[in-house]
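Enquirer: The structure under discussion is supplied below as structure tokens; questions concerning it will follow.
The values are calculated or read from the model by the stated rules, or taken from the named source; none is laboratory data. What you are looking at is a predicted structure, and each value in this text was computed from that prediction instead of being measured. Here the Cβ is made from the backbone with ideal geometry for all residues, glycine too, and neighbour counts use every protein chain on show.
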Amino acid sequence: MSKVDIAVVDYGMGNLRSVSKALEHVAPGKNIVVTSRPEEVAGAERVVFPGQGAMPDCIRELDARGLRSAIIDAAKRKPFLGICIGLQMLFEHSEEGAVSGLGLFKGNVKRFAGADMVDAHGEKLKVPHMGWNQVYQVQAHPLWRGIDDGARFYYVHSYYVQPEDTAVIAGFSNYPDRFSCAIAKDNLFAVQFHPEKSAQAGLQLLSNFVNWSPS
Amino acid sequence: MGLAKRIIPCLDVTNGRVVKGVNFLELRDAGDPVEIARRYDEQGADELTFLDITASSDNRGLILHIIEEVASQVFIPLTVGGGVREVEDVRRLLNAGADKVSINTTAVLNPGMVQAAAGRFGSQCIVVAIDAKKVENQPFEWEVFTHGGRNATGLDAVKWAEYMVSLGAGELLVTSMDRDGTKIGFNNPLNRAISNAVEVPIIASGGVGNLQHLVDGVKEGGADAVLAASIFHYGEYTVRQAKEYMVQHGIEVRL
């Protein structure tokens with residue numbers, strides 16, 4: 001078996017094809033595998049942990065495939081990119097189905113308030129938060145390289161993370177209040193938006209991840 | 001600054017080509033879908049919608065092939081609709097590279113399918129398309145039609161929208177059949193009524209003839225996204241021109 005450069009974790013949830021196609025586009029020649037095998041995740045040089053749908057289902061499917069410890073281990077020691085629910089699952093607890101996450105970060109996952117939210121023109125803000133919003137960078141990070149502060153990324157989600165330790169926050173967006181959309185710690189970076197669907201800015205972020213050597 | 005209003009070019013696909021009709025009839029050829037998708041991406045389209053308007057079993061494989069090819073070159077959200085009958089159809093389209101699947105006639109015939117698909121793949125990828133027409137003989141203003149606008153259902157479009165969201169629809173694509181292909185503008189009262197009634201985003205569709213219509217769709221119709229076909233396919237306007245016009249009229253877009 002040839003060495004796996006990038007493992008995209010497959011636990012039966014979400015559109016993994018978009019993630020792997022975007023990675024193939026930015027990293028031609030790399031061995032990118034979509035896998036649900038813990039040993040393949042463990043042996044990969046880098047790990048992408050995507051996710052769509054509901055967090056309780058994601059956690060259940062992850063455990064059904066015996067992936068939990070391989071994910072936790074990868075998140076602690078090798079270049080690791082969480083996307084959408086793949087960010088949310090890193091936290092302790094979610095309001096969605098009142099489920100526990102992997103607990104790598106202290107804090108909760110909360111739902112947008114919904115009915116009370118309005119924009120600057122007094123228009124109702126919809127949930128899910130769907131579309132292109134501006135991402136503001138709050139710390140310098142190799143994964144932001146070549147991306148303008150305030151660049152737009154594509155989102156689709158109804159829940160967002162609230163890290164207890166604000167030092168891990170790498171970026172935020174407003175809807176209508178500020179929420180954390182990127183967290184960074186050591187070898188780990190995780191985002192609420194979908195870089196694989198965010199045109200040039202998203203491809204740049206994925207390219208930065210593929211070339212990232214965390215110290 | 002916050003969330004941008006989206007512009008979504010719509011590609012009606014039949015026999016592997018993009019076409020455009022007037023009031024759901026009289027099809028004209030508008031080009032190769034992959035080529036058109038790339039052009040719109042370069043112009044700054046926020047998403048693309050593909051509607052398989054023949055949706056016969058012969059063409060099913062063709063649209064999957066087109067989506068696969070587009071998805072390996074264009075990295076923005078792709079929605080695919082037309083002839084989606086079973087949860088398995090949703091899975092096939094998502095595996096081909098679609099990010100969202102639009103369900104129309106089947107939602108009326110079998111609402112449980114919307115619920116099952118949202119339960120399995122998540123609401124974020126389930127769009128319910130509502131084709132509505134103004135009616136005089138009902139206790140409501142707009143009626144839902146199916147089968148590409150041929151069959152009346154007796155359903156109130158606004159109530160139907162609420163019901164679909166309760167079953168898990170994450171977004172609604174609202175097409176005014178009275179306006180489709182007419183170039184006289186969206187049906188803003190219809191869109192406003194549905195937008196106010198539900199929590200999820202709505203895409204306004206049907207009737208765009210100029211850039212002011214896009215602005216009105218957002219401001220008057222309360223649309224979160226605006227969909228158009230012919231104004232872009234025949235080169236009357238680029239997506240970028242449309243966005244610049246919207247910015248001049250105080251609408252936040254991604255430029």
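This table checks each residue for (1) touching a residue at least 24 places away in the same chain (Cβ under 8 Å); (2) hydrophobic (A, V, I, L, M, F, W, C).
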{"residue": "A:ALA98", "(1), (2)": "no, yes"}
{"residue": "A:ASN108", "(1), (2)": "yes, no"}
{"residue": "A:PHE112", "(1), (2)": "yes, yes"}
{"residue": "A:MET130", "(1), (2)": "yes, yes"}
{"residue": "A:ASN133", "(1), (2)": "yes, no"}
{"residue": "A:PRO142", "(1), (2)": "yes, no"}
{"residue": "A:ARG145", "(1), (2)": "yes, no"}
{"residue": "A:GLY150", "(1), (2)": "no, no"}
{"residue": "A:THR166", "(1), (2)": "no, no"}
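Enquirer: For the stretch B:182-199, how many residues are touching a helix residue (DSSP H, G or I) at 6+ places or on another chain (Cβ under 7 Å), outside any helix (DSSP H, G or I) and surrounded by fewer than 23 Cβ atoms within 10 Å (Cβ to Cβ)?
Expert: Residues that pass the stated criteria total 3.
Enquirer: For the stretch B:75-99, how many residues meet the condition of being among the polar types (S, T, N, Q) and either surrounded by fewer than 24 Cβ atoms within 10 Å (Cβ to Cβ) or out of contact with any strand residue (DSSP E or B) (no Cβ under 7 Å at 6 or more places or on another chain) (or both)?
Expert: The qualifying residues number 1.
Enquirer: If you take the residues of the stretch A:51-83 that are modelled with pLDDT under 95 and within 18 Å of B:GLY170 (Cβ to Cβ), which of them is nearest to the other protein chains (Cβ to nearest Cβ)?
Expert: Within the stretch A:51-83, the match that is nearest to the other protein chains (Cβ to nearest Cβ) is A:GLY53.
Enquirer: Could you check the stretch B:139-155 and list, in sequence order, the residues that are surrounded by fewer than 20 Cβ atoms within 10 Å (Cβ to Cβ) and not hydrophobic (A, V, I, L, M, F, W, C)?
Expert: Result: B:PRO139, B:GLU141, B:THR146, B:HIS147, B:GLY148, B:GLY149, B:ARG150, B:ASN151, B:THR153, B:GLY154.
Enquirer: Can you pull out the residues in the stretch B:184-211 that are away from chain A (no Cβ under 14 Å) and within 24 Å of B:ASP12 (Cβ to Cβ)?
Expert: Listed by number, the residues that qualify are B:ILE184, B:GLY185, B:PHE186, B:ASN187, B:LEU190, B:SER205, B:GLY206, B:GLY207, B:VAL208, B:GLY209, B:ASN210, B:LEU211.
Rundown of residues vs (1) under 24 Å from B:ALA45 (Cβ atoms); (2) within 11 Å of chain B (Cβ to nearest Cβ), yes/no style:
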site: A:VAL109; (1), (2): no, no
site: A:PHE112; (1), (2): no, yes
site: A:GLY131; (1), (2): yes, yes
site: A:ALA151; (1), (2): yes, yes
site: A:VAL161; (1), (2): no, no
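Enquirer: Has the stretch A:160-181 got at least one residue that is touching a helix residue (DSSP H, G or I) at 6+ places or on another chain (Cβ under 8 Å) and small (Gly, Ala, Ser)?
Expert: yes
Enquirer: When you scan the stretch B:174-181, do you find a residue that is crowded, with 21+ Cβ neighbours inside 10 Å and either of a type in the set (Phe, Trp, Tyr) or within 14 Å of chain A (Cβ to nearest Cβ) (or both), even just one?
Expert: yes
Enquirer: Quick check: anything in the stretch A:78-92 in contact with a Leu (Cβ under 7 Å, 6 or more places away or on another chain) and surrounded by fewer than 21 Cβ atoms within 10 Å (Cβ to Cβ)? Steps first, answer last, please.
Expert: Looking only at the stretch A:78-92, we keep the residues that are in contact with a Leu (Cβ under 7 Å, 6 or more places away or on another chain), and these are A:80, A:82, A:89-90.
Narrowing further to those that are surrounded by fewer than 21 Cβ atoms within 10 Å (Cβ to Cβ): none.
No, the stretch A:78-92 contains no residue that is in contact with a Leu (Cβ under 7 Å, 6 or more places away or on another chain) and surrounded by fewer than 21 Cβ atoms within 10 Å (Cβ to Cβ).
Enquirer: Would you confirm whether or not the stretch B:226-234 contains a residue that is out of contact with any strand residue (DSSP E or B) (no Cβ under 6 Å at 6 or more places or on another chain), within 14 Å of chain A (Cβ to nearest Cβ) and closer than 25 Å to A:ALA151 by Cβ?
Expert: So far as the stretch B:226-234 goes, no, none of its residues is out of contact with any strand residue (DSSP E or B) (no Cβ under 6 Å at 6 or more places or on another chain), within 14 Å of chain A (Cβ to nearest Cβ) and closer than 25 Å to A:ALA151 by Cβ.
Enquirer: So, one more: Restricting attention to the stretch B:200-246, which residues are buried (at least 24 other Cβ atoms within 10 Å of the Cβ), of a type in the set (Val, Ile, Thr) and either in a helix (DSSP H, G or I) or in contact with a Ser or Thr (Cβ under 6 Å, 6 or more places away or on another chain) (or both)?
Expert: B:ILE202, B:VAL218
Enquirer: Step by step: first the residues of the stretch A:21-31, then only those that are in contact (Cβ under 8 Å) with a residue 12 or more places away in the chain and away from chain B (no Cβ under 13 Å), then the one that is farthest from A:VAL4 (Cα to Cα). Which residue is that?
Expert: Selected residue: A:ALA27.
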